[in-house]
Amino acid sequence: MTSANPLTPKERMQVPRQQMPEQDAQDRVRNFTEVPLGLTPDMAMLEARRCLECRKPTCMSGCPVGVDIPAFLTLIVEGKFVEAAWKIKETNILPAICGRVCPQDEQCEKLCLVGKKKHPIGIGMLERFVADYERSTGEVRIPNVGEPTGCKVAVVGSGPAGLTAAFELAKRGHTVTIFEALHRPGGVLFYGIPRFRLPAEVIEAEIDVLKQMGVEIILNAPVGKVVTIDELLNEEGCDAIFVGTGAGLPWFTNLPGENLNGIYSANEYLTRINLMRADQFPNNATPVYCGQRVAVIGAGNTAMDAARVSLRMSPEEVHIFYRRTRNEAPARTEELEHAIQEGVQFHWLTAPTRFIGDDNYFVKQIEVQKMELGEPDASGRRRPVPIPGSEEVYDVDTVVLALGFGVNPLITDSTPEIETNKWGVVQVNKETGETSKEGVFAAGDVITGGATVILAMGQARTAALGLHNWLIERKGLDMPVEATALEAV
Ligand SMILES: Cc1cc2nc3c(=O)[nH]c(=O)nc-3n(C[C@H](O)[C@H](O)[C@H](O)COP(=O)(O)OP(=O)(O)OC[C@H]3O[C@@H](n4cnc5c(N)ncnc54)[C@H](O)[C@@H]3O)c2cc1C
């Protein structure tokens, strides 16, 4: 087939990667509106033309949900933007979300051949562009739903894992009901990631597609409290269950003074602001205390979000303390760069040792210690080693702990047959996503601990197919068994 790309391979290599326009850093720290502004159609076409159309494309093997990246780039080159969005939606129901928050530099773009010599193709920004284009033109395609199978599946949790499982199961004709503990669907997408990175309307529009596929979402329904897994299976007529309850249990430092007022887990802090809109208190009922000198502990996406949200609450200073260096920081490159541009002050190789309060038990200072990097630990990263006598004290009045997350035990406490490891992480068959309890499948952060949106979605796809195959066998459905596991990325 001849290529619609008017550029020769040599010319393609000479086109620089397009830079997405952004709100100026000085302006954006005063608002919660989205920072990157999106590509224009001309920029998108030019960026897509940079693709070398490799005979054996490597980028696709970096996508845990198997998006046909070469095909959607070709459609962009041809100016068929809506069709490009539909192509992505064959395997990814959340393209506008993934285009914004996926760590593409560690996934598809990392494997792009252009990236060996130049900057890789901006696959993420192109995914975002076509998804936004589809939404703005009103040509949103609702994926086909299969003939009803008569099987009823409960999906627990409405984060990226639950939404992806619901999509894959509804597509195959099963009746799907999502049970969500919170009053809004989306999981971390809504309560963790701030609106200036992921606007509410983007999340709502992608969830709306699922609703139009017939998926029912029941909010304010924590499974394990209002109904148990066993009740769903034995009394509510569910044939199988998918658990995608994430890892929403914050880790703490256990250092002296951690219980002082003004010290938050990032989970609580971000939920108050993103979900409950505490930035609009008293117009909204939920307050949050954000003082003049904020310290955030950690350097993952959560820490960047906590620091950048804090900046928008107008303190004098926001500091990040991290015990390793910038090279080991787990945050997406873009989030780190945005935080630096916006004025967050970074203290690398620095870890807290205690929190110091006033007579009213409000935090007033943080004591930190300098570190140096020693031998690699189990994670493969070099272990931070404290330097004796290097303690320093900083005045702070708000501290946000962004140290990582564990799995909430509500499901496993109420359903003890679901096996976990010693950290409470649910154990599954990696090929099928099935847990140790028959008919119960799981994926996402609940089986890994805190990870990424796209990994949660990739695993959810595998587990949804595992569940579907299980239903075929158990219910004698006249449907072909499908291959489950994608190559692990
Ligand atoms: C602040 C923050 C920023 C992040 N930024 C990024 C990023 O930029 N890019 C990226 O790729 N990843 C990012 N991540 C990680 C990513 O969001 C998660 O890996 C991903 O959301 C996991 O998806 P999930 O569906 O497994 O779980 P979640 O998104 O946690 O969703 C689980 C859902 O289950 C619900 N639930 C829990 N228990 C129950 C129950 N018993 N009954 C009913 N419902 C229940 C929860 O309320 C929640 O809605 C970030 C994480 C955080 C915390």
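All of the numbers you see were taken from the coordinates with simple rules; none came from a lab. Computed from a predicted structure; not experimentally measured. Cβ atoms come from the backbone with ideal geometry, glycine included; neighbour counts cover every protein chain shown.
Observations on the model:
- Of all residues in the range 371-388 being assigned to a strand (DSSP E or B) and among the aliphatic types (A, V, I, L, M), the one that is surrounded by the fewest Cβ atoms within 10 Å (Cβ to Cβ): VAL385
- Matching residues, the range 187-243, being touching a residue at least 24 places away in the same chain (Cβ under 8 Å) and of a type in the set (Gly, Ala, Ser): GLY187, GLY192, ALA205, GLY214, ALA221, GLY224, GLY237, ALA240
Yes/no per residue for (1) away from the ligand (no atom under 15 Å from the Cβ); (2) in contact (Cβ under 8 Å) with a residue 12 or more places away in the chain; (3) in contact with a Phe, Trp or Tyr (Cβ under 7 Å, 6 or more places away or on another chain):
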site	(1), (2), (3)
THR420	no, yes, no
GLN427	yes, yes, no
GLY433	no, yes, yes
THR448	no, yes, no
THR452	no, yes, no
ALA456	no, yes, no
ALA464	no, yes, yes
GLU473	yes, no, no
ASP478	yes, no, no
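- Among residues of the range 335-363, those that are charged (D, E, K, R), under 30 Å from ASP27 (Cβ atoms) and free of Cβ contacts under 8 Å to residues at least 24 places away in the same chain, counted: 1
- Restricted to the range 46-126, the set of helices (runs of 4 or more DSSP H) holding at least 2 residues that are basic (Lys, Arg) comprises 81-89.
- Failed item, numbered, when GLU431 is tested on (1) touching a helix residue (DSSP H, G or I) at 6+ places or on another chain (Cβ under 8 Å); (2) part of a strand (DSSP E or B): (2)
- Taken over the range 155-187, residues that are touching a strand residue (DSSP E or B) at 6+ places or on another chain (Cβ under 9 Å), near the ligand (Cβ under 10 Å from one of its atoms) and of a type outside the set (S, T, N, Q) amount to 12.
- Scan of the range 452-488 for residues that are surrounded by fewer than 17 Cβ atoms within 10 Å (Cβ to Cβ) and closer than 29 Å to GLN104 by Cβ, ordered by number: GLU482, ALA483, GLU487, ALA488
- Residue that is nearest to the chain's Cα centre (by Cα) [pool: residues in the range 112-134 that are touching a residue at least 40 places away in the same chain (Cβ under 8 Å) and surrounded by fewer than 19 Cβ atoms within 10 Å (Cβ to Cβ)]: HIS119
- Taking (1) without any contact (Cβ under 8 Å) to a residue 40 or more places away in the chain; (2) surrounded by 14 or more Cβ atoms within 10 Å (Cβ to Cβ) in turn, GLU391 satisfies each apart from (2).
- Yes/no for VAL15 being closer than 30 Å to GLY444 by Cβ and either β-branched (Val, Ile, Thr) or more than 24 Å from the chain's Cα centre (by Cα) (or both): no
- The single condition among (1) crowded, with 24+ Cβ neighbours inside 10 Å; (2) without any contact (Cβ under 8 Å) to a residue 60 or more places away in the chain; (3) acidic (Asp, Glu) that ASP42 does not meet is (1).
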